Amino acid sequence: MATETYQVQGMTCGHCVSAVSSELGAVDGVTDVQVDLASGQVTVTSDAPLETETVRAAVDEAGFELVGS
């Protein structure tokens, strides 16, 4: 198991949380996604470490931006 926390910019509501959770949850190997709307932090648990670009692509697909990394 691997757990990584990312900073996501642009989330402002529950729909945003749902969109990010859905896109990241669809990534192969992801077992859990926790989103803290107030801080913009997204914690992803997966079977194996994920490539940052894979996470970035899923966040982009949801309409938001991965900050840093």
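Would you mind computing, in nm to one decimal, how far apart the modelled labels at residue 28 and residue 43 are, each placed 7 Å from Cα along Cα→Cβ?
Using points 7 Å along Cα→Cβ, the separation is 2.7 nm.
Counting Lys and Arg as +1 and Asp and Glu as -1, each charge on the Cβ, what is the dipole of the chain about the Cα centre in debye, to the nearest 20? Don't skip to the end; give the middle numbers.
On the way: 1 positive and 11 negative charges, 43 e Å.
Charge dipole of the chain: 200 debye, to the nearest 20.
Using just the helices of the chain, give the 222 nm mean residue ellipticity in deg cm²/dmol: DSSP H runs with n ≥ 4 each add -39,500 (n - 2.57), and the total is spread over all residues, rounded to 500.
Per the formula, -10000 deg cm²/dmol.
Only loop residues by DSSP count here, and only those with at most 13 other Cβ atoms within 10 Å; note down the GluC sites (Glu not before Pro) in the chain that meet that.
Of the GluC sites (Glu not before Pro), the ones in loops of the chain whose Cβ has at most 13 other Cβ atoms within 10 Å are 51.
What number comes out for the charge environment of residue 62, summing +1 per Lys or Arg and -1 per Asp or Glu over other residues with Cβ under 12 Å away?
Local charge sum for residue 62: -3.
I'd like the orientation of helix 14-25 relative to the chain: the angle between its Cα long axis and the longest Cα principal axis, in ° from 0 to 90, rounded to 10.
Relative to the chain, helix 14-25 is tipped by roughly 20 degrees.
Please list, ordered by chain and number, the residues whose modelled amide H lies under 5 Å from the amide H of residue 29; skip anything fewer than 5 residues away on the same chain.
HN-HN under 5 Å from residue 29: empty list.
Go through the stretch 41-51 residue by residue and turn each phi into a ³J(HN,Hα) via Karplus (6.51, -1.76, 1.60, θ = phi - 60°); whole Hz please, and just put x for glycine and proline.
8, 10, 9, 10, 10, 9, 4, 9, x, 9, 5
Helix 52-62 versus the longest principal axis of the chain: what is the Cα-based angle in degrees, 0 to 90, to the nearest 10?
40 degrees
Every number in this text was worked out from the coordinates using simple rules, so none of it is lab data. These numbers were taken from a predicted model, which means no experiment stands behind them. In this analysis, Cβ positions are derived from the backbone assuming ideal geometry, glycine residues included, and neighbour counts consider all displayed protein chains.
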